[in-house]
Amino acid sequence: MNRALPEVRLRVPTDEDAVAWHRVFAHPEVMEFHGGTAAELSVYEELTARQRRHDAERGYCLWTMLDENEQVIGFTGAQPWERQWGPTGEIEIGWRLGREHWGKGYVSAAARMTLERLRAAGVPGVVAMVDARNERSIAVTRRLGMQLVEVFTTPEARQKGHCYRLDL
């Protein structure tokens, strides 16, 4: 059964979006695969500022995701994988969504928009680094047509992860 995807809009993060991200992501289930607890507001202030730079320099970033009522519900987008392990230098697509919005198709719709924007920016392909326990994100990678190319263990947390890839 293919249900219609919800209306979603992406925008370059604003200063105010740092506060919105901090609020939307302050749920233990949202942060389960991202350290377990919500980050401080200053982390989101730095992150939104960095995303504005990325968009200006590269033409893509982690965009703020807005629902049909123009409410901030999360982010999706892409940025270079800058860790010293894994697909260093490749472009990673990612997403994070407020708990009350799960299961409605927002991430799939926004991730498809992200892929279109990345193609337009000339990005040849993307990876998605996903915690092996994160069944919801794994389902999104499948909906996007991504292929599992590697199973790994993270150096810091010693968690099993998956690397998915999609040529654009």
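Could you tell me whether any residue of region 148-159 is closer than 17 Å to Gln84 by Cβ and buried (at least 16 other Cβ atoms within 10 Å of the Cβ)? So far as region 148-159 goes, no, none of its residues is closer than 17 Å to Gln84 by Cβ and buried (at least 16 other Cβ atoms within 10 Å of the Cβ). Among the residues examined, Ala132 does not qualify as in contact with a helix residue (DSSP H, G or I) (Cβ under 9 Å, 6 or more places away or on another chain), closer than 22 Å to Arg9 by Cα and not aromatic (Phe, Trp, Tyr).
Do we find a residue being of a type in the set (Phe, Trp, Tyr), in contact with a Phe, Trp or Tyr (Cβ under 7 Å, 6 or more places away or on another chain), open to solvent by less than 60 Å² (accessible area, probe 1.4 Å) and not in a helix (DSSP H, G or I) anywhere in region 44-67? The answer is yes, given that some residue of region 44-67 is of a type in the set (Phe, Trp, Tyr), in contact with a Phe, Trp or Tyr (Cβ under 7 Å, 6 or more places away or on another chain), open to solvent by less than 60 Å² (accessible area, probe 1.4 Å) and not in a helix (DSSP H, G or I).
Is at least one residue of region 103-110 under 27 Å from Arg165 (Cβ atoms), touching a helix residue (DSSP H, G or I) at 6+ places or on another chain (Cβ under 8 Å), hydrophobic (A, V, I, L, M, F, W, C) and outside any helix (DSSP H, G or I)? Scanning region 103-110, I find no residue that is under 27 Å from Arg165 (Cβ atoms), touching a helix residue (DSSP H, G or I) at 6+ places or on another chain (Cβ under 8 Å), hydrophobic (A, V, I, L, M, F, W, C) and outside any helix (DSSP H, G or I), so the answer is no. Among the conditions (1) of a type outside the set (Val, Ile, Thr); (2) at pLDDT below 95; (3) more than 30 Å from Pro124 (Cα to Cα); (4) open to solvent by 70 Å² or more (accessible area, probe 1.4 Å), the only one that Ala38 does not satisfy is (4).
Can you name every residue in region 68-92 that is open to solvent by less than 40 Å² (accessible area, probe 1.4 Å), of a type outside the set (A, V, I, L, M, F, W, C) and part of a loop (DSSP other than H, G, I, E, B)? Within region 68-92, Pro87 is the sole residue that qualifies.
Against the numbered list (1) at pLDDT 95 or above; (2) polar (S, T, N, Q); (3) open to solvent by 20 Å² or more (accessible area, probe 1.4 Å), Asn2 comes up short only at (1). Taking each residue of region 85-110 that is on the phi > 0 side of the Ramachandran plot and looking for partners that are of a type in the set (Lys, Arg) with beta-carbon atoms closer than 7 Å, six or more apart or interchain, yields Gly105/Arg3.
The values are calculated or read from the model by the stated rules, or taken from the named source; none is laboratory data. Nothing here was measured: the structure is a model prediction, and the numbers come from that model. With ideal geometry, Cβ positions are generated from the backbone for all residues, glycine too; neighbour counts draw on all protein chains shown. SASA here: full protein model, heavy atoms, side chains in, ligands and nucleic acids out. Shrake-Rupley method; radii C 1.70, N 1.55, O 1.52, S 1.80 Å.
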